[in-house]
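Before any comments, here is the structure.
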Amino acid sequence: MKHLHPKTEEFINSSTDSERINHLRKPRWIGYTGAKKVHNKLDELRNYPTNLRMPNLLLVGDSNNGKTAMLNRFAMMNPSFVEEETQELFLPVLMIQAPPEPDEKRFYNTILDSLHSPYKISEKAELRQQRVIHLLQKLKVKLLIIDEIHHLLAGTMSKQRLFLNVIKYLSNELKISLVCAGTREAFNAIQTDPQLANRFEPRVLSKWRNDEEYLRLLTSFERILPLKKPSYLIESSISSIILSKSEGLLGEVSKILELSAILAIESGVETISKNIIENIDYTPPSDRKKMIFR
Ligand SMILES: Nc1ncnc2c1ncn2[C@@H]1O[C@H](COP(=O)(O)OP(=O)(O)OP(=O)(O)O)[C@@H](O)[C@H]1O
Ligand SMILES: [Mg+2]
C-alpha cells in the first residue's frame, strides 16, 4: 500500500472496518504550509525579548478554515512546566476564548477560570484585573491567545471600545504579545482603534484555491486516510469536485474526505472516486444556508 504513510498501513493491517470508521471520525492534523508559517510566527512572538511595545498578531479567516485547530495545537505544544531548580510553575502560552460579548469582567473570569483561580461574583473589575495581571506575571506567560475575538462585535460601540482598551492595557502592563483570532469582521473592529491597528500585524488564512498547496494538502490526506486502495485525490476530476463542494474551507474538505472514506469502507470499494463523493450525505455550506432561509 504505497499510497499510505507507514503508520496508516500498520493501522489498516491491525484494525477491523468499524475501527477504521471510528478512527476517521476523530480529529486529524495535517501540517500544511500556511499552518507551519503561522506556527513559526507564534514561536517568534513567544521568544520575543520583552519590549515596551510588543508585537501582536491578528489571525483572520473564514469560519471553519482551521484557525482554532492551529492555535490549539500551538498551545498544546507549549504546555505548562515546573522548573526543576526553583520548583516554579511556568505557563508560556495561555489560550482563551473571548467571552460571547465584550464584557470586561467576563473576560477576566475566562482567564481566571482557565487558570483554575476562583473569584467572587462581587469582586470589582479593577481587583480582578490586578489578579489577572499578577497571575500572568507569576506564571511568566509569554503569549496570550484570544480566540473568537469577533465576539467583541456583539456589544455596543462603547462596550467594544472599552474592551479594546482592556486588551491594550493588558498588553502594555504585561509586556507580552497578544494573538487574536477571528473572522474578518474582527479585523474591522480592531481597525477602529488606530493604536491597536498599528500594533496588530494581520495574517489572513485564505480559502483554499486550486493550486499546488491544495494538491499537497490532498496528498497528505490520502496518506492518512485508512483506505486499502489509492484514490488519486490530486487527479483534476477529483480535486476540483472536492474544492467546489467544500467552497475552499479546510473543515469542509476534511468532512468530505471523512464521509467519502467511510462510504468507501462500507461499500467495500476501498477508494474515493468521483462516484463515491457524489453519493455521500453532504451539503455544501452555502446550500445549507439556502435550506434554512428558504
Ligand atoms: N491542520 C488540519 N488538518 C486537518 N483538518 C483540519 C486542520 N485544521 C482544521 N481542520 C478541520 O477544520 C475544521 C475547522 O477548523 P477550526 O475549528 O480550527 O476552524 P476556525 O477557523 O477556528 O472556524 P471558526 O471561525 O468557525 O471558529 C476542524 O474541525 C477540522 O475538521
Ligand atoms: Mg474557531
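Quick notes on this one:
- The set of residues in region 74-114 that are in contact with a helix residue (DSSP H, G or I) (Cβ under 9 Å, 6 or more places away or on another chain) and in a strand (DSSP E or B) comprises L89, V93, L94, M95, I96, Q97.
- Within region 67-95, the set of residues being farther than 19 Å from A35 by Cα and either within 16 Å of ligand 1 (Cβ to nearest atom) or in contact with a His (Cβ under 9 Å, 6 or more places away or on another chain) (or both) is empty.
- Considered as a group, the residues in region 176-206 that are over 15 Å from V166 (Cβ atoms) and hydroxyl-bearing (S, T, Y) include one that is farthest from ligand 1 (Cβ to nearest atom), and that residue is S177.
- Out of L57, L71, L42, one residue alone is touching a Leu at 6+ places or on another chain (Cβ under 9 Å) and part of a strand (DSSP E or B). It is L57.
- Any chance V93 is more than 18 Å from the chain's Cα centre (by Cα) and among the hydrophobic types (A, V, I, L, M, F, W, C): no
- For region 1-18, the candidate set comprises residues that are over 14 Å from S220 (Cβ atoms) and outside any helix (DSSP H, G or I); within that set, the residue that is modelled with the lowest pLDDT is M1.
- The listed residue being within 16 Å of ligand 2 (Cβ to nearest atom) and either closer than 19 Å to I96 by Cα or hydrophobic (A, V, I, L, M, F, W, C) (or both), out of L45, L58, L52: L58
- Looking across S220, S171, one residue alone is small (G, A, S) and out of contact with any Gly (no Cβ under 9 Å at 6 or more places or on another chain). It is S171.
- Given (1) loosely packed, with under 13 Cβ neighbours inside 10 Å; (2) in a helix (DSSP H, G or I); (3) not hydrophobic (A, V, I, L, M, F, W, C), number of the condition K120 does not satisfy: (2)
- Note on region 135-180: residues that are within 16 Å of ligand 2 (Cβ to nearest atom), farther than 13 Å from P102 by Cβ and either surrounded by 21 or more Cβ atoms within 10 Å (Cβ to Cβ) or of a type in the set (V, I, T) (or both) total 2.
- Subset of region 200-257 (residues that are small (G, A, S) and part of a helix (DSSP H, G or I)): S220, S236, S237, S239, S240, S244, S246, G251, S254
- When F187 is tested against (1) modelled with pLDDT of 90 or more; (2) aromatic (F, W, Y); (3) within 23 Å of the chain's Cα centre (by Cα), exactly one condition is not met: (1).
- Pair list, Cβ < 8 Å and 6+ apart or interchain, from region 210-226 residues that are assigned by TED's automatic domain parsing to the domain that holds E258 and without any contact (Cβ under 8 Å) to a residue 24 or more places away in the chain to residues that are surrounded by fewer than 21 Cβ atoms within 10 Å (Cβ to Cβ) and among the β-branched types (V, I, T): T219/I234
- Subset of region 74-103 [within 16 Å of ligand 2 (Cβ to nearest atom), of a type outside the set (V, I, T) and surrounded by 16 or more Cβ atoms within 10 Å (Cβ to Cβ)]: F74, A75, M95, A98, P99
The values are calculated or read from the model by the stated rules, or taken from the named source; none is laboratory data. These numbers come from a predicted model, not from an experiment. Because the Cβ atoms are built from the backbone with ideal geometry, glycine has one as well, and the counts that use them run over all protein chains shown.
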